[in-house]
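The structure appears right after this line, and notes come after that.
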Amino acid sequence: MKVAYADPPYIGQAKKRYGCEEVDHQQLIARLETEFDAWALSCSSPSLPEICQWIPEEARIMAWVKPFAIFKPNVGVAYAWEPVIVYGGRKRTRQQPTVRDWVSCNITLKRGLVGAKPETFCNWLFEVLNLEPNDEFNDLFPGTGAVTKAWERWRVNRSTLIL
């Protein structure tokens, strides 16, 4: 299975946080739909209404809940969760444990980029998509490389379990 994970700069944040051009999320979603069997897209809760108009009807919106999050001055309600849009994936068997549509884990700090994903989040995502070690995994916005490194560790651990 050919799979992609996209964690682009969130809408309206590219220049401010990363000094780069905005990502065309509509075009990105079209690419995900045409090039991959399954995919996941991280986004911000304020951008969700805009992004939802472009996602396939079969996609699911899941949540990364952040028990420890950065609280910003003059923000009355904290941004303590992040939507993760998931499409496709391998069907789970009755023998496989059920995976929740949310994960709760803390943000990472001092990883070099704002928004670097923690390994617990990555492992949850691999389980949600029901990936197998021989799947082709593409991290479209590698940033710190944390997701790709987590994928390599997950594959090795999963391959060991299968043997």
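Some observations on this one:
- Scanning the range 32-91 for residues being at pLDDT 95 or above, assigned to a loop (DSSP other than H, G, I, E, B) and aromatic (Phe, Trp, Tyr) gives a total of 2.
- Test: residue in the range 67-74 that is in contact (Cβ under 8 Å) with a residue 24 or more places away in the chain and buried (at least 16 other Cβ atoms within 10 Å of the Cβ): no
- Filtered residues of the range 10-28 (kept if at pLDDT below 80 and over 18 Å from residue 55 (Cβ atoms)): 12, 13, 14, 15, 16, 17, 18, 19, 20
- The number of residues in the range 127-148 being more than 12 Å from the chain's Cα centre (by Cα) and closer than 11 Å to residue 40 by Cβ comes to 2.
The values are calculated or read from the model by the stated rules, or taken from the named source; none is laboratory data. Source: prediction; values computed, not measured. All Cβ positions, glycine included, derive from the backbone under ideal geometry; neighbour counts span all protein chains shown.
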